[in-house]
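Have a look at the structure below, then the notes.
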Amino acid sequence: MAFDSLPSLNQLEAELKREKRKKNYGRALRSTLFTLLVVAAAAILIVVLFLPVLQITGASMSPNLKNGDVAVAVNVKNYEVGEIIAFYYNNQLMVKRVVGVGGDEINIDKDGVVYRNGEMLPESYLTEKSAGTSDIEYPYTVPDEQYFVLGDNRYMSIDSRVSTVGCIDKSLVAGRVFFRIWPFKSFGLIK
């Protein structure tokens, strides 16, 4: 066996360093990919369970939310009168404003003025009042654990005034719509 065909000590050390770097690179790559995967999974869970992102379709919430706007909702325990909520109806996500909660008595006059428990509801978010389409009898008492919802564009909105939609059960609410992320010119909190 010839000794001149064997690698030198420097060559062995250099090869050992290369192998250690490859091994460390592989570990770092696996660690980074695992971390990215965990962060992505956590982000998806947060968005799906706690902060649903939704795109507004239709004109029922104009002028406050327009067709094509993208907003974020947050899932909270209870929703109050005046808040905009997203809820499931016929496997679709709809967005409307809460005007009554369980036990409230709702009355809407011929001019579209909403009365809650005998008091006129201050609706500064509306640009125009309208009685819209309704097939329920007023005064209407909101069942427990449900919400009476109306669109901000009352003339165009199909909402709790129509018996096919009716009041929204708490279990169907996806969250309170609170932040607009698109279009950028309207980016920010929703009133």
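Can you tell me which of Lys129, Lys77 is in a loop (DSSP other than H, G, I, E, B), in the same structural domain as Leu172 (by TED's automatic domain parsing) and under 23 Å from the mean Cα position of the chain (by Cα)?
The match here is Lys77.
Conditions: (1) loosely packed, with under 15 Cβ neighbours inside 10 Å; (2) of a type outside the set (A, V, I, L, M); (3) in contact (Cβ under 8 Å) with a residue 24 or more places away in the chain. Asp104 meets all but one. Number of the miss?
Result: Asp104 passes all but (1).
Would you check which residues across the range 153-191 are touching a strand residue (DSSP E or B) at 6+ places or on another chain (Cβ under 6 Å), under 23 Å from Asn107 (Cβ atoms) and of a type outside the set (A, V, I, L, M) and list them?
Within the range 153-191, Asp159, Ser160, Cys167, Asp169 qualify.
Does Ala41 count as surrounded by fewer than 17 Cβ atoms within 10 Å (Cβ to Cβ) and either of a type in the set (Gly, Ala, Ser) or not assigned by TED's automatic domain parsing to the domain that holds Phe148 (or both)?
yes
Name the residues in the range 80-118 that are closer than 19 Å to Leu172 by Cβ and either in contact with a helix residue (DSSP H, G or I) (Cβ under 6 Å, 6 or more places away or on another chain) or among the polar types (S, T, N, Q) (or both), would you?
Phe87, Tyr88, Asn90, Asn91, Gln92
Residue check: is Tyr138 in the same structural domain as Ile158 (by TED's automatic domain parsing), within 30 Å of Lys77 (Cβ to Cβ), of a type in the set (Ser, Thr, Tyr) and in a strand (DSSP E or B)?
No.
Output yes when any residue across the range 56-67 is part of a helix (DSSP H, G or I), hydrophobic (A, V, I, L, M, F, W, C) and either assigned by TED's automatic domain parsing to the domain that holds Pro122 or touching a residue at least 12 places away in the same chain (Cβ under 8 Å) (or both), and no when none is.
no
Pick from Asp159, Asp111: which is in a loop (DSSP other than H, G, I, E, B) and crowded, with 21+ Cβ neighbours inside 10 Å?
Only one candidate passes the filter, namely Asp159.
Within the range 19-32, is even one residue surrounded by 10 or more Cβ atoms within 10 Å (Cβ to Cβ), at pLDDT below 80 and either out of contact with any strand residue (DSSP E or B) (no Cβ under 6 Å at 6 or more places or on another chain) or not assigned by TED's automatic domain parsing to the domain that holds Gly175 (or both)?
No; the residues of the range 19-32 include none that is surrounded by 10 or more Cβ atoms within 10 Å (Cβ to Cβ), at pLDDT below 80 and either out of contact with any strand residue (DSSP E or B) (no Cβ under 6 Å at 6 or more places or on another chain) or not assigned by TED's automatic domain parsing to the domain that holds Gly175 (or both).
The values are calculated or read from the model by the stated rules, or taken from the named source; none is laboratory data. Computed from a predicted model, the values in this text were never measured in an experiment. Heads up, the Cβs are rebuilt from the backbone with ideal geometry, glycines too, and the neighbour counts pull from every protein chain shown.
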